[in-house]
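Read-outs: derived from the displayed coordinates by stated rules, not from any lab. Computed from a prediction, not measured in an experiment: that's the story for all the values here. Methodologically, a virtual Cβ is constructed for each residue, glycine included, from the backbone with ideal geometry; neighbour enumeration extends over all protein chains shown.
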Amino acid sequence: MKLAAVKGFRDIQAGEVLARRAVLEASCEVLENYGFEELELPLLEKVELFKRTVGDTSDIVEKEMYTFEDRDGSTLALRPEGTASLVRAYLAAGMARSQPEGRFYYQGAMFRRERPQKGRFRQFSQIGAEMLGRSDPAADAEAVTLVADICEAVGLREYRVELNSLGDDACRPAYRKALEAWGQERIDSLCEDCRSRLQRNPLRLLDCKVEACREAMQGAPMMVDSLCDDCESHHGRVNELLTESGVEVTANPRMVRGLDYYCRTAFEVTAAGLGSQDAVGGGGRYDGLAALLGGPDIAGVGFAFGLERMVLAAAGQEPSAPPVDIVVAPLEERALGVVLGLARRLRRAGKRVEVESPSRSLKAQMKRADRSGAACVLLVGEAELEAGKATLRDMVNKADHAQLIELDGDAEQLIKCIGEAVKGGA
Ligand code: AMP
């Protein structure tokens with residue numbers, strides 16, 4: 001029986017690895033220009049961390065976490081998201097005092113037992129950023145600006161940033177009640193999920209995709225119309241700052257986000273080319289989170305992008321592996337040691353070098369060299385060993401330069417000599 005990978009977990013092939021790296025590098029550069037530092041966080045956490053922060057009624061905690069009992073009886077979870085871990089790490093390192101206005105980012109695998117489909121996996125990667133210790137609207141606006149700049153840097157096609165406010169402890173409870181009452185009056189039209197969410201998390205009724213639920217929620221009260229004065233002025237200022245700084249956002253009063261810890265600003269980025277899972281990233285403000293973890297009352301705003309979806313949405317500009325510069329071809333076993341040494345020197349000088357196998361015929365070696373795209377081949381056979389010089393075959397002009405390249409020359413001299421021999425450089 002062949003062993004297959006676990007459902008929802010995939011192998012990432014070389015081409016996609018390159019595309020992921022390009023997306024990560026572009027994102028990291030933007031993040032660092034904004035003054036964010038990278039932290040590396042563990043994959044395993046105590047399950048309590050997510051129960052307390054992401055929320056007992058969220059889909060993630062209710063049905064998507066991979067949890068297991070460790071040998072000491074504690075229950076651990078493979079992390080389903082990064083914000084809770086980052087805030088835990090920030091508090092654990094005493095940064096609430098040493099770096100109260102910290103800017104951090106993280107990247108890596110997350111795990112959620114969702115139904116796999118295009119752009120949705122059980123192991124996926126996120127790159128996320130958190131701005132701690134700032135409760136002013138300028139921080140929200142800067143986070144959204146950063147999100148837009150990452151989308152631009154990565155080359156996302158037709159992306160859109162949607163913005164909403166989820167209120168806070170002062171105004172959300174009354175709104176929740178109003179929404180619950182609205183749903184209760186229409187309970188017969190709601191899907192199974194929405195019925196069970198009605199009391200536990202009525203906000204989720206707003207983003208249900210089922211047509212009957214959407215119809216039932218038409219005309220329902222919206223959080224943005226029920227904000228308290230503080231939340232309203234915060235939201236107004238965020239919008240103003242974004243307009244003034246030239247970042248385009250679309251108001252989406254139905255966007256609620258799946259995690260419990262958000263308050264006030266929430267945003268989501270969607271992009272073309274993703275099918276039904278069109279959210280590439282999302283985030284918002286989470287002022288109560290540090291206190292939920294037993295820390296001081298530290299405000300925060302952040303977001304996470306899904307790497308797989310960014311790669312899909314940036315498709316069309318796939319990077320390919322850089323071409324081989326030089327092939328070194330040992331024509332017999334005896335030449336192998338010298339050839340490996342020569343290749344090593346060239347590689348250390350930054351050249352991409354492939355070493356052929358003496359078990360292949362000259363013809364076969366040349367055919368492979370041709371396919372590699374290398375500009376030249378250094379051939380080392382009996383005569384070359386004798387002379388201490390490799391023969392250079394110029395693959396561009398199809399010309400041989402017999403015994404031209406010093407086998408024990410230093411890399412700089414070798415590269416200069418190769419460059420002069422091959423028109424256009426090696
Ligand atoms: P969230 O942490 O739920 O706000 O998700 C942030 C981003 O992570 C989403 O916009 C997606 O791009 C990505 N994401 C979330 N869940 C998955 C998944 N199961 N598979 C792939 N990407 C995901």
Here the range 60-65 yields Karplus 3J(HN,Hα) values (6.51, -1.76, 1.60; θ = phi - 60°; whole Hz; Gly and Pro given as x) of 4, 6, 5, 9, 10, 7
Give me a comma-separated list of calculated 3J(HN,Hα) values for the range 30-47, in order, Karplus coefficients 6.51, -1.76, 1.60 applied at θ = phi - 60°, integers in Hz, x for any Gly or Pro. 4, 4, 6, 5, 8, x, 8, 10, 8, 10, 9, 10, x, 7, 9, 9, 5, 4
How far, in degrees from 0 to 90, does helix 362-372 lean away from the longest principal axis of the Cα atoms of the chain, to the nearest 10? 30 degrees
Return the subset of LYS2/LYS46; LYS118/LYS177; LYS363/LYS389 for which the Cα-Cα distance in this structure is over 25 Å, preserving the input order. LYS2/LYS46; LYS118/LYS177
Of PRO42, PRO358, PRO253, the most mobile residue in a GNM of the chain (C-alpha springs, cutoff 10 Å) is PRO358
Tell me which lysines have Cα within less than 18 Å of LYS351's Cα, excluding those fewer than 8 residues away on the same chain? LYS416, LYS423
Only residues of the range 134-162 count here: report those whose backbone N is under 11 Å from the spot 7 Å along Cα→Cβ of SER245, or say none. 137-149
The range 326-424: relative contact order from alpha carbon pairs under 8 Å, six or more residues apart, as a whole percent, is 27 percent
In Å, descending, principal axis extents of the Cα set of the range 122-244: 46, 39, 24
In order through the range 302-311: 3J(HN,Hα) via Karplus (6.51 cos²θ - 1.76 cosθ + 1.60), integer Hz, x for Gly, Pro: x, 7, 9, 9, x, 5, 4, 6, 4, 5
Stretch gain in nm, segment GLN277-LYS63, where the contour uses 0.36 nm per residue and the Cα spacing is subtracted: 75.1 nm
With charges set only on the Cβ (+1 for Lys and Arg, -1 for Asp and Glu), what does the dipole of the range 252-402 come to about its Cα centre, in debye to the nearest 20? 200 debye
Förster radius 60 Å - calculated FRET efficiency between ALA383 and GLU152, Cβ distance, rounded to 0.05: 0.60
Lys/Arg Cβ at +1, Asp/Glu Cβ at -1, dipole of the chain taken about the Cα centre: which of THR270, SER98, ILE298 is farthest positive-ward? THR270
So how tilted is helix 137-154 from the main axis of the chain? Cα-based, degrees 0 to 90, rounded to 10. 30 degrees
Under a point spin-label approximation (7 Å from Cα along Cα-to-Cβ), what is the GLU16-ALA93 distance to one decimal in nm? 3.1 nm
Helix-only estimate, please: 222 nm mean residue ellipticity of the chain, summing -39500 (n - 2.57) across DSSP H runs of length 4 or more and dividing by its residues, to the nearest 500. -11000 deg cm²/dmol
Ratio for the range 36-194, C-alpha Rg to 2.2 N^0.38 Å, reads 1.22
Once R0 is set to 30 Å, what does the formula 1/(1 + (r/R0)^6) return for the Cβ-Cβ distance between GLU37 and ASP225, expressed as a FRET efficiency to the nearest 0.05? 0.15
For the range 326-424, size of Cβ-based charge dipole, Lys and Arg +1, Asp and Glu -1, in debye: 520 debye
Output the direction-averaged projected area (hull surface divided by four) of the convex hull of the alpha-carbon atoms of the chain, in nm². 28.5 nm²
Residue (of VAL147, CYS171, PHE124) at the positive-pole extreme of the range 86-180, dipole from beta-carbon charges: PHE124
If you wrap a convex hull around the alpha carbons of the range 1-62, what volume per residue comes out, as a whole number of Å³? 171 Å³
Residues in the range 210-238, backbone N under 15 Å from the label point at ALA174 (7 Å along the Cα-to-beta-carbon vector): list them, ranges by number please. 221-233
Sites ARG360 and ALA402 - FRET efficiency at Förster radius 22 Å, r taken between beta-carbons, to 0.05: 0.55
Using the Cα gyration tensor of the range 297-402, the equivalent ellipsoid's semi-axes, largest first and to the nearest Å, work out to 43, 17, 12
Suppose every K and R has +1 on its Cβ and every D and E has -1 on its Cβ; what is the size of the dipole of the chain about the Cα centre, in Debye to the nearest 20? 1480 debye
Euclidean distance between Cα centres, the range 59-100 to the range 305-361, Å: 40 Å
Out of SER357, LEU289, TYR261, whose Cα points farthest toward the positive end of the dipole of the chain (charges: +1 Lys, Arg; -1 Asp, Glu; placed on Cβ)? SER357
